[in-house]
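Novice: Starting off with a structure, shown below.
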Amino acid sequence: MNNAFGQYPARRMRRMRADDFSRRLMAENQLTVNDLIYPVFVLEGENQREKIDSMPGVERKSIDLLLEEAQELVDLGIPALAIFPVTPLDKKTLMAEEAYNPAGLAQRTVKALKAKFPQLGVITDVALDPFTTHGQDGIIDDDGYVLNEVTKDILVKQALSHAEAGADIVAPSDMMDGRIGAIREALEEHGYVNTRILSYAAKYASNYYGPFRDAVGSAGNIKGGNKFSYQMDPANSDEALHEVAQDIAEGADMVMVKPGMPYLDIVRRVKDNFKVPTYAYQVSGEYAMHMAAIQNGWLAEKPCVMEGLLAFKRAGADGILTYFAKQVGYWLKEDSQ
């Protein structure tokens, strides 16, 4: 045999696949509860819950009900959740003042969660689209173009308000240039030296975000608009590496690729090139597609969901934001018993 790896029949590739024990022994990647981050939508009021039609099984919840769900996450060992507030229409403005209101919904949610569950990681979204009347992630000029510098200044105020409330991780998802450096500098100046930054470093202008915009109530604001001038072109991957490199240089502790499964090649390139904590977001559209097929009986729920998330790990993701996180936590717990 000249081939260093041997040829059939001396080497039968199926041999190691013949039994469960040997398949387990040679498994290259594994999905555990430690890989999961659970995104949640929070509402004003008490004892309030609202279904999201485009995201079956996902609900908007008021803080009191979210605290009940957080207990489940803690019991399952899920490390962290990510908060997305639903801003009432009367609090949306052109300058997004509600984004950095110390008594705002996101800020109150952080305080409540950290008071009851100090061990649970709390991640906050730093972006202005839930708070603007037009649904863009920043402040716009008369032509509708998102202005980078004024938006960046407001994002700094928003991130500081989250840190002051007790957020463990602030996650800028807006794609403004220079916002990581500005936020890092402000956090250091105000003594929040251990507040981590998870940068949505490679966030694409994707069509997979529709159900999320329904969930946070920004779909009606953006109407027929788009975010092409600041989110990345789906055609590009080299550009993503430049975005990630810049955010790491400016002080990001972790980086994110969004969406997830259609962009796993980007996850792999980021991990191979930078070897930093790398995350991916299985976004609302991905979740909705899974649930549509599952509810129609076209796909089996558990094996397909688990396979999809394992693919994130194989691509190099250290963690995954997924609306399946809680359910997967229960499945993993059952499998370990």
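Novice: Defining a contact as two alpha carbons under 8 Å apart and six or more residues distant in sequence, what relative contact order in percent does the chain show?
Specialist: 18
Novice: I've got another one for you. Charges on Cβ only, +1 for Lys and Arg, -1 for Asp and Glu, centred on the Cα centroid of the chain; of Gln30, Ala106, Gly210, which one is farthest towards the dipole's positive end?
Specialist: The Cα lying farthest towards the positive end belongs to Gln30.
Novice: For segment 1-49, run through the GluC sites (Glu not before Pro) and keep only the ones in DSSP coil with at most 13 other Cβ atoms within 10 Å of their Cβ.
Specialist: Glu28, Glu46
Novice: Assign unit charges at the C-beta atoms only (+1 for Lys and Arg, -1 for Asp and Glu), then state the dipole size of segment 243-337 relative to its Cα centre in Debye, rounded to the nearest 20.
Specialist: Taking the Cα centre of segment 243-337 as origin, the dipole is about 180 debye.
Novice: Considering the dipole of the chain built from charges on the beta carbon (Lys and Arg +1, Asp and Glu -1) around the Cα centre, which of Leu43, Val146, Ala96 is farthest to its positive end?
Specialist: Leu43
Novice: Tell me, in nm to one decimal, what length is gained between Met95 and Arg12 on full extension, where the rule is 0.36 nm per residue of separation less the Cα-Cα distance?
Specialist: Answer, rounded to one decimal: 23.4 nm.
Novice: Picking from Gln246, Gln327, Asn273, whose Cα lies most toward the positive end of the charge dipole for segment 245-327 (charges on Cβ: Lys, Arg +1; Asp, Glu -1)?
Specialist: Gln327
Novice: Same structure again: Which FRET efficiency value, to the nearest 0.05, do you get for Met289 and Glu189 by plugging their Cβ-Cβ distance into 1/(1 + (r/R0)^6) with R0 = 56 Å?
Specialist: For R0 = 56 Å, the calculated efficiency reads 0.80.
Novice: Another question, if that's okay. Not counting ligands, DNA or RNA, and with a 1.4 Å probe, what is Asp335's accessible surface area in Å² rounded to the nearest 10?
Specialist: Here the accessible area works out near 90 Å².
Novice: Which FRET efficiency value, to the nearest 0.05, do you get for Thr133 and Gln327 by plugging their Cβ-Cβ distance into 1/(1 + (r/R0)^6) with R0 = 30 Å?
Specialist: So, using R0 = 30 Å, E works out to roughly 0.25.
Novice: Calculate for the chain the 222 nm mean residue ellipticity that helices alone would give, adding -39,500 (n - 2.57) per DSSP H run of length 4 or more and normalising by residue count, nearest 500 deg cm²/dmol.
Specialist: After summing the helix terms and dividing by the residues of the chain, the value is -12000 deg cm²/dmol.
Novice: About the Cα centre of the chain, how large is the charge dipole given +1 on each Lys and Arg Cβ and -1 on each Asp and Glu Cβ? Please answer in debye to the nearest 20.
Specialist: It works out to roughly 1540 debye.
Novice: Moving to a separate point now. Test of understanding: extend the Cα→C-beta vector of Glu334 to 7 Å, then name every residue of segment 255-295 with backbone N under 18 Å from that spot.
Specialist: Only 291, 294-295 pass the distance filter.
Novice: Please give the solvent-accessible surface of Val40 in Å², to the nearest 10, using a probe radius of 1.4 Å with every protein chain present.
Specialist: 10
Novice: Using a 10 Å Cβ count of at most 14 others and DSSP loop calls, identify the longest part of the chain lacking such trypsin sites (Lys or Arg not before Pro).
Specialist: 15-222
Novice: Related question: Leaving ligands and nucleic acids out of the surface, order Met95, Met256 by accessible area at 1.4 Å, largest first.
Specialist: Met95, Met256
Novice: Checking the a/c ratio against 1.5 first, then a/b against b/c, what shape does the Cα gyration tensor give for the chain?
Specialist: In terms of gyration-tensor shape, prolate.
Novice: Here's a follow-up. Under the rule of at least 5 residues apart or a separate chain, name every residue whose amide H is placed under 5 Å from the amide H of Val42.
Specialist: Sorted by chain and number, the residues that satisfy this are Lys61, Phe84, Val86.
Novice: Can you list the lysines whose alpha carbon is less than 19 Å from that of Lys157, not counting same-chain residues fewer than 8 positions off?
Specialist: Answer for Lys157, where 19 Å is the Cα cut-off: Lys91, Lys92, Lys111, listed by chain and number.
Novice: Roll a 1.4 Å probe over the protein heavy atoms and report the accessible area of Met289 in Å², nearest 10.
Specialist: Spelled out: Met289, probe radius 1.4 Å, area about 110 Å².
Novice: Right, another one. With a 1.4 Å probe and all protein chains left in place, how much accessible area per residue does segment 154-204 have, in Å²?
Specialist: Averaged over the residues of segment 154-204, the accessible area is 30 Å².
Novice: Roughly speaking, to the nearest percent, how much of the chain's 1.4 Å accessible area is carbon and sulfur?
Specialist: C and S fraction of accessible area: 50 percent.
Novice: Just tell me the longest site-free run in the chain, where the sites are chymotrypsin sites (Phe, Trp or Tyr not before Pro) in a DSSP loop having at most 11 other beta-carbon atoms within 10 Å.
Specialist: 6-227
Novice: If one takes the longest principal axis of the Cα atoms in the chain, at what angle in degrees, from 0 to 90 and to the nearest 10, does the Cα axis of helix 325-336 lie?
Specialist: So the inclination is approximately 30 degrees.
Novice: Keeping every protein chain in place, order Asp64, Asp53, Asp125, Asp272 by accessible area at 1.4 Å, biggest value first, i.e. largest first.
Specialist: The most accessible residue leads, giving Asp53, Asp272, Asp64, Asp125.
Novice: Pairing the Cα long axis of helix 63-76 with the longest principal axis of the chain, what angle in degrees results, from 0 to 90 and rounded to the nearest 10?
Specialist: In the chain, helix 63-76 runs at an angle near 20 degrees to the longest axis.
Novice: Quick one: helix 238-250 against the long Cα principal axis of the chain, what's the angle to the nearest 10°, folded into 0 to 90?
Specialist: Helix 238-250 and the main axis of the chain meet at about 60 degrees.
The values are calculated or read from the model by the stated rules, or taken from the named source; none is laboratory data. Just so it is clear, the model here is predicted, and its values are computed rather than measured. With ideal geometry, Cβ positions are generated from the backbone for all residues, glycine too; neighbour counts draw on all protein chains shown. The area values use the complete protein model at the heavy-atom level, side chains included, leaving out ligands, DNA and RNA. Shrake-Rupley method; radii C 1.70, N 1.55, O 1.52, S 1.80 Å.
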